[in-house]
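The values are calculated or read from the model by the stated rules, or taken from the named source; none is laboratory data. Treat the numbers as computed from the prediction; the structure is a model and nothing was measured. No Cβ is skipped: glycine too gets one built from the backbone with ideal geometry, and neighbour counts run over all protein chains shown.
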Amino acid sequence: MKALILAGGFGTRLRPLSCTRPKILFPIVNKPLLQWTFERLTKNKIEEAILAVNLQTEVFIKQHRISRCELHIAYSRDPVKKPLGTGGAIKKAEKLLGHDTSFLVLNGDIFADLNYREILKIHEEKNAAATIALHEVSDPSRYGVAELANDNRIKKFIEKPLREEAPSNLINAGVYVLSPEIFKYIPKGRKVSLEREVFPKLTEEKKLYGYVFDGFWMDIGKLEDYLKINKILLGSFANQQKYKIGSKVKIKKPVAFDKGVSIGEKTVIGPYAVLGRNVIVGKNVHIQNSVILPGTTISDFSSANGSVIGENVIIGKGVKIGEGCVLGDHVKVRDNVSLARRVSVCPAKEISESVLTPKSII
C-alpha cells in the first residue's frame, strides 16, 4: 500500500512562521509534523510515501534531512505557480500511485492518531471508490461535513457549511483511502477540489463511505491550533534530553527541551514550554505556554507567555512577549521592549519600541 501526502499548500494562516517553512515542517514537541507522519506510516506497515509538493516545499524537506523511517520516498511536484488542489495533486501523482491497488491519501497539515489498516479494511469491505476518515467536533463549519447512512455510506457531504446548516458534527479528518477508479473522476491538468467536485459525485453514485474514529485528531491550520497541539502532546511525548542549566532553575512540567538547550540561573520554565535545539535562555527569565524554535536567544529578565518564537530570534534584556504573539525567524527585539497580545512580527524585522496593541509588523 502506498500513501500520498498532500503538502503543497502555502500555509497563509500560519504566517509569519510559514514565510520560512512549509506547514509539514512545523515542529511539534521538537519533531517536524512530517516525521510524526512518517513514523505512523511505518507503524502501519506502509512502505512507500509520495509527497505532493511545490518546488519550494520539496527543497525545504530535502534540506531538513528528516528520518525516512525506512520508507521509500518519491515526489510529485505541482507546476510552478499553479496549485492543483487536493484532487489535481492526486491526478498528477497517478503514475506513481498506479492502478493495481487502493492507496492512502493524507492531508499534510493534520495530526491524526488512527489505524490506517482499519480504514483500509472498511474500504475493501464496502467496495468503495473512496472512504473518508471522519472525526466528531463541536464546530464543523471549518471543515467538510458528512452525514452517514446506517451502513456507513456517506449520503451527504458538504464542504464548510454554515454551522446551523451542517448535517452532522462528523468532519472530514483529512485521511482517505481511494480506489484507482478515483482517477476517472478527476479532470487532468487543472486545479480540482476533491471535496467540492469529486466527493459530491461519489455521494450521488453511492460510492463514498465513512470511517468514524475517536482517536486524537487535530488540524494545525491556525497558529492557535499549533500552540494547542504542542500543549496537548507535551504530557504524553515530552522527551527530556541532556541540557545545561544554571543553579536555582525551576522547571514546571510538562516541558520539552531539545539538545543543546542552555538555561541561566533563577529562570522559570513551564508549564507547557517547548524549547528547540540550541536555545539559550538567560537569567531570571520566565517562559510558559510557549514554543521556542531552534537557535533562539532569550536574554536576562525577559518573559514569554502563550507565544511562538521562530528560529534564530534574538530577544534582548527585560523584554515582555504577551499571549498570542508570534515572532518570525531572525527577528531581533531590543532591550526593555514589550509586545502586547497578538503582535506578529515578520521574519528578519528589528523591534526597538514597545507595541501595546494587536498588530502585524511586516
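Taking the residues in segment 152-172 that are in a strand (DSSP E or B) and within 14 Å of residue 212 (Cα to Cα) as candidates, determine which candidate is nearest to the chain's Cα centre (by Cα). I'd like the intermediate steps shown before the answer.
Initially, segment 152-172 is screened for residues in a strand (DSSP E or B), giving 153-159, 170-172.
Filter once more, keeping what is within 14 Å of residue 212 (Cα to Cα): 153-154, 170-172.
Values: 153: 29, 154: 27, 170: 20, 171: 17, 172: 16 Å.
The selected residue is 172.
Considering only residues that are over 19 Å from residue 48 (Cα atoms), of a type in the set (Val, Ile, Thr) and crowded, with 19+ Cβ neighbours inside 10 Å, look in segment 111-152 and name the one that is modelled with the lowest pLDDT.
145
Residue 334 versus (1) more than 28 Å from the chain's Cα centre (by Cα); (2) of a type outside the set (Gly, Ala, Ser); (3) crowded, with 21+ Cβ neighbours inside 10 Å: which is the lone unmet condition?
With respect to (1) more than 28 Å from the chain's Cα centre (by Cα); (2) of a type outside the set (Gly, Ala, Ser); (3) crowded, with 21+ Cβ neighbours inside 10 Å, residue 334 is out only on (3).
Just a yes or no: is a residue in segment 174-193 in contact with a Pro (Cβ under 9 Å, 6 or more places away or on another chain), surrounded by 18 or more Cβ atoms within 10 Å (Cβ to Cβ) and at pLDDT below 90?
no
Out of everything in segment 177-209 that is touching a Phe, Trp or Tyr at 6+ places or on another chain (Cβ under 9 Å) and part of a strand (DSSP E or B), what residue ends up being farthest from residue 90 (Cα to Cα)?
The selected residue is 208.
Could you tell me whether any residue of segment 293-307 is in a strand (DSSP E or B), among the hydrophobic types (A, V, I, L, M, F, W, C) and either surrounded by fewer than 24 Cβ atoms within 10 Å (Cβ to Cβ) or in contact (Cβ under 8 Å) with a residue 24 or more places away in the chain (or both)?
No: zero hits.
Conditions tested, residue by residue: (1) crowded, with 17+ Cβ neighbours inside 10 Å; (2) of a type in the set (Val, Ile, Thr); (3) outside the structural domain of residue 207 (by TED's automatic domain parsing).
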| position | (1), (2), (3) |
| --- | --- |
| 31 | yes, no, no |
| 57 | yes, yes, no |
| 66 | yes, yes, no |
| 82 | no, no, no |
| 94 | no, no, no |
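State whether one or more residues within segment 166-188 are more than 28 Å from residue 7 (Cβ to Cβ) and not aliphatic (A, V, I, L, M).
Checked segment 166-188: at least one residue is more than 28 Å from residue 7 (Cβ to Cβ) and not aliphatic (A, V, I, L, M).
Filter segment 36-55 down to residues that are touching a Cys at 6+ places or on another chain (Cβ under 8 Å) and surrounded by fewer than 17 Cβ atoms within 10 Å (Cβ to Cβ) and give me whichever is farthest from residue 1 (Cα to Cα).
Looking at the filtered set, the residue picked out is 39.
Can you tell me which residue is surrounded by the fewest Cβ atoms within 10 Å (Cβ to Cβ) among those in segment 211-237 that are in a loop (DSSP other than H, G, I, E, B) and hydrophobic (A, V, I, L, M, F, W, C)?
Among them, the one singled out is 216.
For the structure I just gave you, tell me whether residue 10 is among the aromatic types (Phe, Trp, Tyr), out of contact with any strand residue (DSSP E or B) (no Cβ under 6 Å at 6 or more places or on another chain) and either crowded, with 23+ Cβ neighbours inside 10 Å or at pLDDT below 90 (or both).
yes
Looking at residue 104, is it within 25 Å of residue 36 (Cα to Cα) and either surrounded by 14 or more Cβ atoms within 10 Å (Cβ to Cβ) or touching a residue at least 40 places away in the same chain (Cβ under 8 Å) (or both)?
Numbers: within 25 Å of residue 36 (Cα to Cα): yes; either surrounded by 14 or more Cβ atoms within 10 Å (Cβ to Cβ) or touching a residue at least 40 places away in the same chain (Cβ under 8 Å) (or both): yes.
Yes; evaluated as a whole, the condition is true for this residue.
Does segment 219-278 hold any residues that are modelled with pLDDT under 85, over 21 Å from residue 111 (Cα atoms) and not β-branched (Val, Ile, Thr), and which are they?
Answer for segment 219-278, where residues must be modelled with pLDDT under 85, over 21 Å from residue 111 (Cα atoms) and not β-branched (Val, Ile, Thr): 240, 241, 242, 243, 244, 246, 247.
May I ask you to list the residues in segment 22-50 that are in contact with a helix residue (DSSP H, G or I) (Cβ under 7 Å, 6 or more places away or on another chain) and under 14 Å from residue 220 (Cα atoms)?
Within segment 22-50, 22, 23, 24, 25, 26, 28, 29, 32, 33, 34 qualify.
Mind checking which strands (runs of 3 or more DSSP E) fall wholly inside segment 1-101 and carry at least 1 residues that are more than 30 Å from residue 345 (Cα to Cα) and within 17 Å of the chain's Cα centre (by Cα)?
Those strands (runs of 3 or more DSSP E) span 2-6, 48-53.
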